[in-house]
Amino acid sequence: MQLTLEFGGGLELLCDSVKIHNINVDPQDGEKQLTMKNLLSWVCTNVIKERPEMFMKGDSVRPGVLVLVNDTDWELSGQLETVLEEKDNVVFISTLHGG
Amino acid sequence: MESNGVEASRIRQEIDSLNANKRNIEQQISALEAQLHQLEVNSNAVCTSSFSNGDLGSSNGLSPDMIYRYSRHLLLPSFGVQGQANLLKSSVLVIGAGGLGSPALLYLAACGVGRIGIVDHDVVELNNLQRQIIHTEAYIGKSKVESAAAACRSINSSTQIVEHKEAFRTSNALEIVSKYDVVVDATDNAPSRYMINDCCVVLGKPLISGAALGLEGQLTVYNYNGGPCYRCLFPTPPPTNACQRCADSGVLGVVPGVIGCLQALEAIKVASLVGEPLSGRMLLLDALSGRIRNVKLRGRSLQCEACGDHAVLTRQTFSDFDYAKFTQTPLSTGPLTLNLLTPDDRISSTEYSKKVAEGEAHVLVDVRPAHHYKIVSLPNSRNIPLSTLEGRLSEISAALEEEAKRRTLDGGSSASLFVICRRGNDSQRAVQLLHTLGFTSAKDIIGGLESWSHNVDPKFPTY
Ligand SMILES: [Zn+2]
């Protein structure tokens, strides 16, 4: 399954300062669907290069990170249970405080 | 030759005489214009009283000066007289007169908001001017609120500007915010953002929230018309090391400029009751790629501790809440000062300068990131960024050996190892790391290069 991942608000610093990642990831053995929960652990292993604690906390993202699936807050699509589809766009963005 | 000179002199005299006539005519025109203006004002007043239901801009409460000043707003069919009248009756509080607040205030003053409040406790510094465009060099060292208020007044003397020259705290927040219709959060730290949100929830004020860092910006409207608040989105504060500051990470001046302008736009929409404010949505600006995305956010959370159905937030709980503790970040924007080492493992910048003057054999490692080192560095230092330190220990060993050899020290004594950074925090982290890796004599220079500049060499640049 082809997905586009985007990192922003400083989270790109955890993956070699690359903001956009075109990835190919398939559901795990025995599962038909790829959920956000699956994707997060895949991202943590395959995309995040340093300080994983700045990205994850427990099995979800750390506080202060907004997750958007196709430009919509993942709270509206079922958070970790969101089922991903071919060509979906997933954005991880850290909230900014500067001004 | 002589006749030429006479001719030139005659022409000059004629020019002078014509100029005198011209000045005389201009004065007569000005006087007549003033007379005409006065007649028009009087006749308008007559119109107002005799045609109170007329459609000549007479019943809308806008004076001739206002009609002229705001004519481009009045000409907008979707904004018009009603939008402007609403704006003139409204009040907006801008918290923070920095990178976001500067452009927001300039537009809010220009557009005809009735009353504008400005909160800030800071003074203008030279390194603010790259982005805080409301301030000028003449105000360096003076209050940001005074500077911003003067700029707003010089744009629009008919807008009332209220100066709040104080830090925004739980002790004064309710009193200040209660006097305004709309709040613009133009602050630069996490505890202030939670505090301002909660204060707006308690008082039922819409909150225009903007943030910018590096080359990215974010904008949304909280607590508006049943939409979510800041805590609905971020119930738990982020870890402290996730909160980067402009003073550490940098920011391209125009980025907060763009977001601040958009904050003014949202404030104008909310205050004038025109358009569709950015509630339940967030605008994300990526300046580097030139992309702006508008994303859909969750609605108000029923479980929200500030605005949820079972929230216990009141004026009292707000006043008692410790926002610095909650976010583990001090409310003041001053830099962090760590104290990780014992005094024996540290040395002041003046002591270090004595050792340099005395010619003590030593190696100075500067652990700042490479792009900081490029800005300015001490001539005898070598740059090994903290993030790469562990992998470059052999370089330090080699440098120490070489220094000992160069100074022809006998086998028994070795060169000292000093570590420096910008402000003396990373240098302590580096010394801790070096101690565990066998470099037990490593010492950190207290206060870093800033202390060097303040206490040893005032010509050494700070940034
Ligand atoms: Zn809420």
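Every read-out reported here was derived from the displayed coordinates using simple, explicitly stated rules and does not represent laboratory data. Please read these numbers as outputs of a predicted model, since none were measured by experiment. Quick reminder, even Gly has a Cβ in these numbers, built from the backbone with ideal geometry, and neighbours come from all protein chains shown.
Assorted remarks:
- Cα shape, chain A, gyration tensor, a/c 1.5 rule: prolate
- Check: the protein assembly as shown dipole with +1 on Lys, Arg Cβ and -1 on Asp, Glu Cβ, in debye: 600
- Bridge orientation summary for chain B: considering DSSP beta bridges with both residues in this region, about 35 percent are antiparallel.
- In straight-distance terms, cross-link reach from B:Lys142 covers every one of the lysines whose alpha-carbon lies under 29 Å from its own, apart from those fewer than eight places away in the same chain; here that gives B:Lys165, B:Lys179, B:Lys459.
- Listed residue (B:Gln27, B:Thr240, B:Leu129) projecting farthest to the positive dipole end of the protein assembly as shown, Cβ model: B:Gln27
- Under 5 Å between amide hydrogens, built in the peptide plane, is the criterion, and for A:Lys57 it picks out A:Arg62 among residues at least 5 positions away or on other chains.
- In this structure, the residue pairs whose Cα-Cα separation is over 20 Å, taken from B:Lys325/B:Lys443; A:Lys57/B:Lys296; A:Lys37/A:Lys57; A:Lys49/B:Lys443; A:Lys49/B:Lys296, are B:Lys325/B:Lys443; A:Lys57/B:Lys296; A:Lys49/B:Lys443; A:Lys49/B:Lys296.
- Shown in residue order for segment B:377-386 are the 3J(HN,Hα) couplings computed by the Karplus curve 6.51 cos²θ - 1.76 cosθ + 1.60 at θ = phi - 60°: 7, 6, x, 9, 9, 10, 8, 10, x, 3 Hz (x for Gly and Pro).
- A simple charge model with +1 on the Cβ of Lys and Arg, -1 on the Cβ of Asp and Glu and nothing else charged puts the dipole of chain A at about 300 debye relative to its Cα centre.
- Relative exposure of B:Glu401, A:Glu12, judged by other C-beta atoms within 10 Å (fewest first): B:Glu401, A:Glu12
- Multiplying the residue separation of B:Lys22 and B:Leu273 by 0.36 nm and removing their Cα-Cα distance gives an extension gain of 85.2 nm.
- Electrostatic tally near B:Ser453: other residues with Cβ closer than 15 Å to its Cβ, Lys and Arg +1, Asp and Glu -1, net 0.
- Rounded Å value of the spacing that divides the Cα centres of segment A:1-49 and segment B:419-463: 38
- Lys/Arg +1, Asp/Glu -1 at C-beta; segment B:69-168 dipole; positive extreme among B:Val119, B:Val145, B:Leu105: B:Leu105
- Residues with amide H under 5 Å from that of B:Gly253, placed H, sequence gap 5 or more: none
- Estimated vicinal HN-Hα couplings, Hz - segment B:454-462 in sequence order (Karplus 6.51, -1.76, 1.60; Gly, Pro = x): 6, 10, 10, 10, x, 7, 6, x, 10
- For B:Val363, the residues whose modelled amide H falls within less than 5 Å of its own, excluding neighbours fewer than 5 places apart on the same chain, are B:Ser416, B:Leu417, B:Phe418.
- Relative contact order of segment B:155-273, defined on C-alpha pairs under 8 angstrom at six or more residues apart (%): 26
- With θ taken as phi - 60° and the Karplus curve 6.51 cos²θ - 1.76 cosθ + 1.60 applied, the whole-hertz 3J(HN,Hα) list for segment A:54-69 is 7, 10, 10, 9, x, 9, 10, 7, 6, x, x, 9, 9, 10, 10, 10 Hz, x standing for glycine and proline.
- In this Cβ point-charge picture (+1 for Lys and Arg, -1 for Asp and Glu), segment A:48-99 has a dipole of about 340 debye about its Cα centre.
- Relative contact order [Cα under 8 Å, 6+ residues apart], chain B, whole percent: 11
- A straight Cα-to-Cα reach below 22 Å connects A:Lys32 with the lysines A:Lys87, residues fewer than 8 places away in its own chain not being considered.
- A simple spin-label model places pseudo-atoms 7 Å from Cα toward Cβ; at B:Leu393 and B:Asn339 they are separated by 3.0 nm.
- A full extension of the chain between B:Ala370 and B:Glu137 corresponds to an added length of 80.8 nm, given 0.36 nm per residue minus the alpha carbon distance.
- With 0.36 nm allotted per residue and the present C-alpha distance subtracted, the B:Ser414-B:Ala324 stretch has 27.8 nm of extension available.
- When each of the peptides B:172-178, A:93-99 is scored by the mean number of other C-beta atoms lying within 10 Å of its residues, the order from highest to lowest reads A:93-99, B:172-178.
- DSSP assigns beta bridges within segment B:339-435; of those with both partners inside it, close to 0 percent run antiparallel.
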